[in-house]
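A.B. asks: Sharing a structure with you now.
The values are calculated or read from the model by the stated rules, or taken from the named source; none is laboratory data. Just so it is clear, the model here is predicted, and its values are computed rather than measured. Positions of Cβ are generated from backbone atoms using ideal geometry, with glycine treated the same way; all protein chains shown enter the neighbour counts. Each accessible area value is taken on the protein alone, full model and side chains, heavy atoms only, with ligands, DNA and RNA left out. Shrake-Rupley method; radii C 1.70, N 1.55, O 1.52, S 1.80 Å.
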Number of protein chains: 2
Amino acid sequence: MGLVVQKYGGSSVADAEGIKRVAKRIVEAKKNGNQVVVVVSAMGDTTDELIDLAERVSPMPAGREFDMLLTAGERISMALLAMAIKNLGHEAQSFTGSQAGVITDSVHNKARIIDVTPGRIRESLDKGNIAIVAGFQGVSQDKKDITTLGRGGSDTTAVALAAALDAEVCEIYTDVDGVFTADPRVVKKAKKIDWISFEDMLELAASGSKVLLHRCVEYARRYNIPIHVRSSFSGLQGTWVSSEPIGDKKVEQAIISGVAHDTSEAKITVVGVPDKPGEAAAIFRAIADAEINIDMVVQNVSAASTGLTDISFTLPKTEGRKAIDALEKSRSGIGFDSLRYDDQIGKISLVGAGMKTNPGVTASFFEALSDAGVNIELISTSEIRISVVTRKDDVPEAVRAVHTAFGLDSDTDEAVVYGGTGR
Amino acid sequence: MGLVVQKYGGSSVADAEGIKRVAKRIVEAKKNGNQVVVVVSAMGDTTDELIDLAERVSPMPAGREFDMLLTAGERISMALLAMAIKNLGHEAQSFTGSQAGVITDSVHNKARIIDVTPGRIRESLDKGNIAIVAGFQGVSQDKKDITTLGRGGSDTTAVALAAALDAEVCEIYTDVDGVFTADPRVVKKAKKIDWISFEDMLELAASGSKVLLHRCVEYARRYNIPIHVRSSFSGLQGTWVSSEPIGDKKVEQAIISGVAHDTSEAKITVVGVPDKPGEAAAIFRAIADAEINIDMVVQNVSAASTGLTDISFTLPKTEGRKAIDALEKSRSGIGFDSLRYDDQIGKISLVGAGMKTNPGVTASFFEALSDAGVNIELISTSEIRISVVTRKDDVPEAVRAVHTAFGLDSDTDEAVVYGGTGR
């Protein structure tokens, strides 16, 4: 008998009907002879409503109390889901993150899982129960306080539990049929990917694909837990994410897995930086001290006449204000002329392990963009990814052009988007 | 420095504004030099909305999951309240029932508190924090499952914490100014009671007064914790409930504390019961086996010619169906002619320790009812209470008549009802 971990997002359990539909699917998995652990997110917009309430009470909600507040959402959905399963004649027990043994550090609002001790879950499964676990939450090791795992935390809960319970698979149910070769809302002819390696999935996630978050894939790779991303609205097979293709499916690794895009970043250019050792370090130390994660970095060739250079980097738009403030504060120490802030940019990335052995990929990528009339502003590459920054308005056209150029287009418009945003 | 436990009901924290108002009041108590522990209910109608969701998912929600669901309500209100207090520049920490050390038995939906170990609360107070505790919930001793305490559970949480922390007072904030000599919605001239003994308060609660529940008062009496019932909407002194009048207030004990009424009961009459030993026992064994609590019991004088008698008793309307079924099932064993069910009854009770030493009270009570043209169907008495059952429609008039007859009427219409039902 296998052990399966299933995760259902907020759009799958948005209302009583959704909960009942999901309950039926869970019972099916149980009837198929599996032990079943289910991780569930808060219903629909519950979390947003709680955040809104918090903001009305206090402009800067405190970490510990904010986590206590948000975790109420998953308690509601998990209890309702357990009731719905019992109503179908099967035994189910719900567990909070703490009860499920999800132990985290004490960084409220974005805690990291440091251990999973699922003794109570194992016990419940051994009694024949279906175990329902609140996603997105844990308990801090030192203070025994309730913590939340931040964005995409329920996916991480599911993968962490799958690892701790040595599950056969972690199924992530969402409102799309799987991972596609591009965002189906932009590319009508995007194809569902049957299988993708952890490495390619990590690059896609880092490049703006929103189906799975980087952190969750990273966790799955470390413990070698196959992920099956699929829709809770259809019965279709979705996308398998694993180190090797699963079972008798001999899927050949594609040269290119997909095209991702990201319009959530902004670009800051530090203009007129003295071209001498230590200057770049001073800039990025100021940014790091403000706890801002940056993405791409480019330094222009220095103009010999002036001895000055420009340094550009990209970062989440939400961190823009903070970064500008941090740089202005360190201006005298660093020494630069001015700062330029640009949030009208977009990033397009081509991801695929085949790149390593196909030297023509980079050239074809740039040709496709050029043919589509898209100007490139920044370039960054890894072993299995090429990313460029363009004007934000050029992104949809650029993605479609690249998708077509690499032969990723489907013969039909197969992509279906069922509901909300699914997180 | 004193330690004060305050409890705020759902109507006091119905929205963000209510939470901010309550936060200010809590901070006042802290500024006055007290250590402050706050017990809070779920916001407004949250609990009812969760119950409604549960019913849409499953017609018979299971105990353990139902408790998990309902406790989400208090987690939301307590976290928001802690945020609002911090926003006023004071330190606050919120605690679930489990974190606060509220240990219960395992009877889901109506668990009993068996121990309170408020180590974390004490620690938080000693650091100068205001401690916010989720009312209505605890954790079961044996299984470590989340439990709820049933109706009025937040009041019980407050009193139990006050006892465990050796508090000076347990303040119960609600949407009325205190305990009145009668329900102000029925008797415009009802007076606020300044002080009432535990014993009289217990009888009032048992007789239908809804401001404090019997269980909470019983707990306070056992541990001798003074309760101060007052409004969270006004700054007025409310009603003190304690063994002796508090402080320099030399309040003389009134002969009559108040008039309570209850229209939530029904009457069942078992007709044609053989008048021989063991018959009544068989009837009430059948009722007890169905876990139904009954209130008043009356047996008519047997008619000598038939050797048959009638037995009537009252019970909560909500248990009516179950009681009839239990009796029908035991019909052959008991032997009776028929059952009569009547839910158009009401109970009026006169409560006061002075009754013991004032023999005329009973007579005056019956005279007042008679003068008001109210027919009495059943009578039951305790040392400090007389209760009668009448037609439901007669209740308001009967309560007013008795209230006037015993000189309880205020010179003015002082009673103010601020908000919802306040539980």
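A.B. asks: Which one, A:GLY89, A:PRO316, B:ILE146, is farthest towards the positive end of the dipole of the protein assembly as shown when Lys and Arg carry +1 and Asp and Glu -1 on their Cβ?
C.D. replies: The residue sitting farthest along the positive end of the dipole is B:ILE146.
A.B. asks: Ranked highest first by the average count of other Cβ atoms within 10 Å around their residues, in what order do A:277-285, B:216-224, A:146-154 fall?
C.D. replies: Result, highest mean Cβ count within 10 Å first: A:146-154, B:216-224, A:277-285.
A.B. asks: When only Cα pairs under 8 Å and 6 or more residues apart are kept, what is the percent relative contact order across chain B? It would help to have the intermediate numbers written out before the result.
C.D. replies: Details: 926 pairs, mean separation 66.1, N = 423.
Computed over chain B, the figure is 16 percent.
A.B. asks: Quick one: order A:MET43, B:MET60 from most to least accessible surface, probe 1.4 Å.
C.D. replies: B:MET60, A:MET43
A.B. asks: Going by amide H atoms built from the backbone, whose H comes under 5 Å of the H on B:VAL39, apart from near neighbours?
C.D. replies: Amide H neighbours of B:VAL39, under 5 Å, 5+ apart: B:GLN6, B:LYS7, B:TYR8, B:VAL133.
A.B. asks: Along segment A:54-71, what does the Karplus equation 6.51 cos²θ - 1.76 cosθ + 1.60 (θ = phi - 60°) give for ³J(HN,Hα), rounded to whole Hz, x for Gly and Pro?
C.D. replies: Running phi through 6.51 cos²θ - 1.76 cosθ + 1.60 with θ = phi - 60° gives 4, 5, 6, 8, 8, x, 10, x, 7, x, 4, 6, 4, 5, 4, 5, 4, 5 Hz.
A.B. asks: Next up: Only Cα pairs under 8 Å and at least 6 apart count here; give the relative contact order of segment A:3-174 as a rounded whole percent.
C.D. replies: Numbers: 376 pairs, mean separation 51.5, N = 172.
Relative contact order of segment A:3-174: 30 percent.
A.B. asks: Same structure, new question: If one computes the Cα centroid of segment B:129-201 and of segment B:65-102, what distance in Å separates the two points?
C.D. replies: 17
A.B. asks: So for segment A:260-394, if I pair up every lysine 8 or more residues apart or on another chain, how many of those pairs have alpha-carbons under 17 Å apart?
C.D. replies: 7
A.B. asks: Right, here's the next one. Which value at 222 nm does the protein assembly as shown reach when only helices count, each DSSP H run of 4 or more adding -39,500 (n - 2.57), with the total divided by all residues and rounded to the nearest 500 deg cm²/dmol?
C.D. replies: Value at 222 nm, helices only, nearest 500: -10000 deg cm²/dmol.
A.B. asks: With every protein chain kept in the model, how would you rank A:TYR173, A:TYR341 by accessible area, 1.4 Å probe, largest at the top? If you can, show how the numbers build up before the last one.
C.D. replies: On the way: A:TYR173 5, A:TYR341 100 Å².
Of A:TYR173, A:TYR341, the descending order of accessible area is A:TYR341, A:TYR173.
A.B. asks: Still on this model: Mind checking the dipole of the protein assembly as shown: about its Cα centre, +1 per Lys or Arg Cβ, -1 per Asp or Glu Cβ, Debye to the nearest 20?
C.D. replies: Numbers: 94 positive and 116 negative charges, 155 e Å.
For the protein assembly as shown, the charge dipole is close to 740 debye.
A.B. asks: Moving on to the next point. Say the dipole of chain A comes from +1 at the beta carbon of Lys and Arg and -1 at that of Asp and Glu; which of A:VAL402, A:GLY10, A:THR390 then lies farthest toward its positive end?
C.D. replies: So the residue we want is A:GLY10.
A.B. asks: About its Cα centre, how strong a charge dipole does segment A:4-150 have in debye, to the nearest 20, once Lys and Arg get +1 and Asp and Glu get -1 at the Cβ?
C.D. replies: Using Cβ point charges on Lys, Arg, Asp and Glu, segment A:4-150 gives about 600 debye.
A.B. asks: Now for a different question. Where both partners of a DSSP beta bridge lie in chain B, what percent of those bridges are antiparallel, to the nearest 5?
C.D. replies: Within chain B, antiparallel bridges account for around 60 percent of the total.
A.B. asks: I would also like to ask the following. Which whole number in µm²/s is D for segment A:3-174 by Stokes-Einstein, with the Kirkwood Rh taken over Cα pairs at 10 °C and 1.306 mPa s? Please list the in-between numbers first.
C.D. replies: Values: Rh = 15.7 Å.
It diffuses with D of about 101 µm²/s by this estimate.
A.B. asks: Which order do peptides A:46-55, B:5-14 fall in by mean Cβ count within 10 Å, highest first?
C.D. replies: Result, highest mean first: B:5-14, A:46-55.
A.B. asks: In nm to one decimal, list the spacings between the A:ILE324 label point and its equivalents in the other copies, with label points set 7 Å along Cα to Cβ, shortest first.
C.D. replies: Its label point is 7.3 nm from the equivalent points in the other copies.
A.B. asks: Starting from the amide H of A:VAL179, placed 1.01 Å from N in the peptide plane, find each other amide H under 5 Å away whose residue is 5 or more places distant or on another chain.
C.D. replies: A:ILE193, A:THR239
A.B. asks: Whole percent per 20 Å bin, from 0 to the bin with the longest distance: what is P(r) over all C-alpha pairs of the protein assembly as shown?
C.D. replies: Final binned percentages: 13, 35, 30, 15, 6, 1, 0.
A.B. asks: In whole Å, what is the distance between the alpha-carbon centres of segment A:268-291 and segment B:356-405?
C.D. replies: Cα centres, segment A:268-291 to segment B:356-405: 87 Å.
A.B. asks: So, one more: For B:PHE366, B:PHE336, give the ranking by accessible area with the largest first, probe 1.4 Å.
C.D. replies: So the residues, ranked largest to smallest area, are B:PHE366, B:PHE336.
A.B. asks: Summing +1 for each Lys or Arg and -1 for each Asp or Glu, what net charge is found among the other residues whose Cβ lies under 10 Å from the Cβ of A:ILE292?
C.D. replies: -2
A.B. asks: Compute, for A:LEU213, the solvent-accessible surface of its heavy atoms (probe 1.4 Å) with the complete set of protein chains present, and express it in square angstrom to the nearest 10.
C.D. replies: Around 30 Å² of this residue is reachable by solvent.
A.B. asks: How well do other chains shield peptide B:46-57, expressed as the mean number of their Cβ atoms within 10 Å of each residue Cβ?
C.D. replies: 4
A.B. asks: Right, next: May I ask you to evaluate 6.51 cos²θ - 1.76 cosθ + 1.60, the Karplus curve with θ = phi - 60°, for each residue of segment B:386-403 and list the ³J(HN,Hα) values in order in whole Hz, giving x for glycine and proline?
C.D. replies: 10, 10, 10, 9, 10, 4, 4, 5, 7, 4, x, 4, 5, 4, 4, 4, 5, 4
A.B. asks: Looking for one value pair here: nearest-to-axis residue in chain A (by Cβ) for the rotation onto B, and the distance in whole angstrom.
C.D. replies: Of all Cβ atoms in A, the one closest to the rotation axis yields A:ALA72, 2.
A.B. asks: Of A:ALA42, B:GLY354, A:SER305, which is farthest along the charge dipole of the protein assembly as shown in the positive direction, counting Lys and Arg as +1 and Asp and Glu as -1 at C-beta?
C.D. replies: Positive-end residue among those listed: B:GLY354.
A.B. asks: What is the Cα coordinate range of segment A:247-423 on the first, second and third principal axes, sorted by size from largest, in whole angstrom?
C.D. replies: Cα extents, longest axis first: 61, 40, 35 Å.
A.B. asks: Provide a whole-number value for the mean count of partner chain Cβ atoms within 10 Å of the Cβ atoms in peptide B:11-17.
C.D. replies: Counting other chains' Cβ atoms within 10 Å and averaging over B:11-17 gives 2.
A.B. asks: Put a label point 7 Å from Cα along the Cβ direction on A:GLY278, then list its distances to the equivalent points in the other copies in nm, shortest first.
C.D. replies: Listed shortest first, these distances are 10.5 nm.
A.B. asks: Quick one: with label points 7 Å out along Cα→Cβ, list the inter-copy distances for A:ASP52 in nm, shortest first?
C.D. replies: 1.7
A.B. asks: When averaged across all projection directions, what area in nm² does the alpha-carbon convex hull of chain A cover?
C.D. replies: 22.7
A.B. asks: Still on this structure, please answer the following. Taking a probe of 1.4 Å, how large is the accessible area per residue of segment B:3-252, in Å²? Working shown, then result.
C.D. replies: On the way: 8930 Å² over 250 residues.
Value for segment B:3-252: 36 Å² per residue.
A.B. asks: Sticking with this one: Please list, in chain and number order, the residues 5+ apart from A:VAL107 or on another chain whose amide H is under 5 Å from its amide H, with Hs placed from the backbone.
C.D. replies: Under 5 Å from the amide H of A:VAL107: A:ARG112.
A.B. asks: Could I ask something else about it? Treating the beta-carbon of each Lys and Arg as +1 and of each Asp and Glu as -1, no other charges, what is the dipole magnitude of chain B about its Cα centre, to the nearest 20 debye?
C.D. replies: Result for chain B is approximately 920 debye, rounded to the nearest 20.
A.B. asks: Output wanted: per-residue J couplings in Hz (rounded whole) for segment B:206-223, from phi through Karplus 6.51 cos²θ - 1.76 cosθ + 1.60, θ = phi - 60°, x for Gly and Pro.
C.D. replies: Each residue's phi maps through the Karplus curve to give 5, 9, x, 5, 9, 5, 10, 8, 3, 4, 5, 5, 4, 4, 5, 5, 4, 9 Hz.
A.B. asks: For the pairing of chain A with chain B, what total accessible surface becomes buried, with a 1.4 angstrom probe, in square angstrom to the nearest 100?
C.D. replies: 3300
A.B. asks: Here is a follow-up. At 1.4 Å probe size, what's the solvent-accessible area of B:LYS192? Round to the nearest 10 Å².
C.D. replies: So the heavy atoms of B:LYS192 present about 50 Å² to solvent.
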